[in-house]
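Peer 1: Okay, handing you the structure first.
The values are calculated or read from the model by the stated rules, or taken from the named source; none is laboratory data. Quick caveat: nothing in here was measured; it's all calculated off a predicted structure. Heads up, the Cβs are rebuilt from the backbone with ideal geometry, glycines too, and the neighbour counts pull from every protein chain shown. Ligands, DNA and RNA are excluded from the accessible area calculation, which covers all protein heavy atoms including side chains. Shrake-Rupley method; radii C 1.70, N 1.55, O 1.52, S 1.80 Å.
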Amino acid sequence: MKRGIAILVSLGAVTTVAYFTASQWAIRHETLTFSDPARGNRPVAVDIAVRRDKEMQANAGMIKLPVAILNHGNTVSFTEYSFLANLVAAHGYMAISIQHDLPTDAPMVTKVGELFVGRLPQYQRGIANIKFAVEEMRKVEPNADFDRLTMMGHSNGGDISMYFAKMYPDHVKKVVTLDNLRVPFMTEGKFKILSFRSKDPVFKTDPGVIPPEEIREKSGITVVQTGYQHTDMSDRGPDNVKSTIRGKLDNFLDDESSSRPVVINAPPLMTDPGPVPPYVPAN
């Protein structure tokens, strides 16, 4: 009897591995680069991951593809989160990873005492990139749901994700951050938030970013203390880190239950210019 149970468990494990392997093989990857004329033809590159069967269903008008926007950390490329993009795509989403930084951009600086330690210009640039990429992707994938986005990001990309959610809460479905350090979580309960936290002696979360536990419970915020290093939360990290993140994300992505409705001021439309700093090409 025990041997039979062991065989069933083994078969189940093999089936699960086969499913995710087959899913990855069935995922289409494509990298596109758009040019934003409003910012001196700034190039905005996106890496797309989508399941071929879901894309075919969307093109046939059978479904509307949910969309997840992935935002990279400082000094990490938009292509270095394939473990997240593939997982999200396997769940039926179209994952769009955006390259926010260019070699010609001014380096990120830390200015203690300023709002978000002086990183507001980077967040604003990220918002501009997201809005522009979304409008361009509407032309490429018209059968995707670009009005309710799942925002995901690591480190500075997590802060960009949270800042976008603050500006456009009615255009956000869920938020996932991997150790964002500067932008405080939204606590209105408009959507659910999942955040993975590191245990890193160098990368410290600013005071006030993570709300107290009683507020998190009321607001639909889940915080996962991983004990891992801040810089491990990308493709560069070890497999056990990625496996832990994937395991928690599985249920979060599948959970379609909504948070309690709240009354908020109407957010600006995504087509509004927003607080976007000018882009000045390098000489």
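Peer 1: Using a probe radius of 1.4 Å on heavy atoms only, what accessible surface per residue do you get for the range 33-167? Whole Å² is fine.
Peer 2: Solvent-accessible surface per residue comes out at 36 Å².
Peer 1: May I pose another question? What ranking, highest mean first, results for peptides 175-185, 47-57, 119-129, 29-39 when packing means the other Cβ atoms within 10 Å averaged over each residue?
Peer 2: Result, highest mean Cβ count within 10 Å first: 175-185, 119-129, 47-57, 29-39.
Peer 1: So how far apart, in nm, are the two label points at Glu217 and Asn143 if each is 7 Å from Cα heading toward Cβ?
Peer 2: About 4.5 nm separates the two model spin labels.
Peer 1: Also, quick follow-up: Counting other C-beta atoms within 10 Å, and keeping those with at most 14, which DSSP coil GluC sites (Glu not before Pro) do you find in the range 89-182?
Peer 2: Counting only loop positions with at most 14 other Cβ atoms within 10 Å, the GluC sites (Glu not before Pro) in the range 89-182 are Glu114.
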